[in-house]
1. For the stretch 176-197, does any single residue satisfy the condition of being polar (S, T, N, Q) and touching a residue at least 12 places away in the same chain (Cβ under 8 Å)?
2. In the list Arg77, Arg30, Arg71, which residue meets the criterion of being within 29 Å of the chain's Cα centre (by Cα) and free of Cβ contacts under 8 Å to residues at least 40 places away in the same chain?
3. Sort out which residues of the stretch 41-95 are among the acidic types (Asp, Glu) and assigned to a helix (DSSP H, G or I), and write them in order of number.
4. List the residue pairs whose Cβ atoms are under 8 Å apart, where the first residue sits in the stretch 42-64 and is closer than 15 Å to Arg229 by Cβ and touching a residue at least 24 places away in the same chain (Cβ under 8 Å), the second is of a type in the set (S, T, N, Q) and in a helix (DSSP H, G or I), and the two are 6 or more positions apart or on different chains.
5. Considering only the stretch 277-294, state which residues are modelled with pLDDT of 85 or more and either under 15 Å from Gly249 (Cβ atoms) or of a type outside the set (A, V, I, L, M) (or both).
6. List pairs: first residue in the stretch 358-371 and under 19 Å from Asn226 (Cα atoms), second residue of a type in the set (A, V, I, L, M) and modelled with pLDDT of 55 or more anywhere in the structure, Cβ distance under 9 angstrom, at least six positions apart or on different chains.
7. Considering Ile237, Ile241, Ile278, Ile265, which residue is surrounded by 21 or more Cβ atoms within 10 Å (Cβ to Cβ) and closer than 29 Å to Ala353 by Cβ?
8. Against the definition (without any contact (Cβ under 8 Å) to a residue 40 or more places away in the chain, in a helix (DSSP H, G or I) and under 19 Å from the mean Cα position of the chain (by Cα)), how does Ile300 come out, yes or no?
Amino acid sequence: MKSSWRFYLKIAGSIFLLYLAIHYWPEVSRLGGLLIGASFPLVLGAILAYVLNILMSFYERGFFPDSQNPRVIKARRPVCMLAAIISLLAIITLVIWLVLPQLWDCVELILAQLPGAIQTLIKQLDKIPFLSEDLISSLNSIDWQSKIGDIFNVVTSGVGNVMNVVINTLSSVASTIINVFMACIFAIYLLMGRDKLKRQSKRVLSHYLPERHYEKLMYVLRVLNNSFRRYIAGQCIEAVILGTLCALGMTILRLPYASMVGALISFTSLIPIAGAYIGAAVGSFMILTVSPMKALIFLIFLVILQQVEGNVIYPKVVGSSLGLPGIWVLTAVILGGGVLGIPGMLLGVPLAAAAYTLLRNDLNKEKKEPQT
């Protein structure tokens, strides 16, 4: 009798809390927004720690794994964590070092060649009969070199209320830097106390959950972890394949900056949807300084390569690493992007792979059970 009263009391309390949440929804949503904003560095740190943990585990398997020396065992965690951080920073630095200097040279080259291009355009306009001679003469009298320099200085220095723009920009940059710094510190703490946190979480869950529910939860978490780790590895492999094919195709087509644009495409392909446009825009801009026709050829080649990558390479590479059929990879990307946008595209594939694994294992388990 007492247990049934407790059960009904829990139901009544849940209904009352649901009523309060619906009745005071603006306040609840505002409070939820504040909590999400405040926890952003923690979420970012947890994501960073999860990615670094993949590299860290790889280094731990090779850093004297069978050693019984207490010093080696004590040093394994910080050494491998430092190696993982250095590896990630080295990859980012390499891409920036390959792309940014050449990109700045391309901007300077375009600014230097722009006056001549404008003069050529004015000569072509002079051949149009219905344009007045006064307009053509006024265009010819302008010192385009100095005008372009003035425009460039205005763009770089800003217009309008400069102080407000500078203050807002500095405030936003400072806030971002602080959040990223706190996320990095939180990620380091998570990685250093990984085993202890794992033991504590298991102890809390096993204490408050029935044994049957605890085992099921642990099983689901293991499947999710395995799916996300394989998904990240598959994404990296797919990015390397795409960058290599891009550089190889540009070399065959005799397009400039092949290795550099290939590295850029490989790096930006890790960003869903926007990454393809960023790589295409920067790559075509750099090739445009050499030849507009070659820039057009590059865009056509990249569109074809992106179609092949999205419909053939991505489902095969990512799907095979997850054990998920290619058609379900495409379905997960489409549905995830439609529901949650870019985060949905990132989470859709590993979540679909985990659901596919759970369903497959459950069906196989039913087949193995003896029929009565």
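The values are calculated or read from the model by the stated rules, or taken from the named source; none is laboratory data. Computed from a prediction, not measured in an experiment: that's the story for all the values here. Cβ atoms come from the backbone with ideal geometry, glycine included; neighbour counts cover every protein chain shown.
1. So far as the stretch 176-197 goes, yes, one or more of its residues are polar (S, T, N, Q) and touching a residue at least 12 places away in the same chain (Cβ under 8 Å).
2. Working: Arg77 fails: free of Cβ contacts under 8 Å to residues at least 40 places away in the same chain; Arg71 fails: within 29 Å of the chain's Cα centre (by Cα).
Going through Arg77, Arg30, Arg71 in turn, just one is within 29 Å of the chain's Cα centre (by Cα) and free of Cβ contacts under 8 Å to residues at least 40 places away in the same chain: Arg30.
3. First, the residues of the stretch 41-95 that are among the acidic types (Asp, Glu): 60, 66.
Matches in the stretch 41-95: Glu60 only.
4. Qualifying pairs under 8 Å: Leu55/Ser87.
5. Across the stretch 277-294, the qualifying residue is only Lys294.
6. What qualifies is Leu358/Val220; Leu358/Val223; Asn361/Val223.
7. Ile265
8. no
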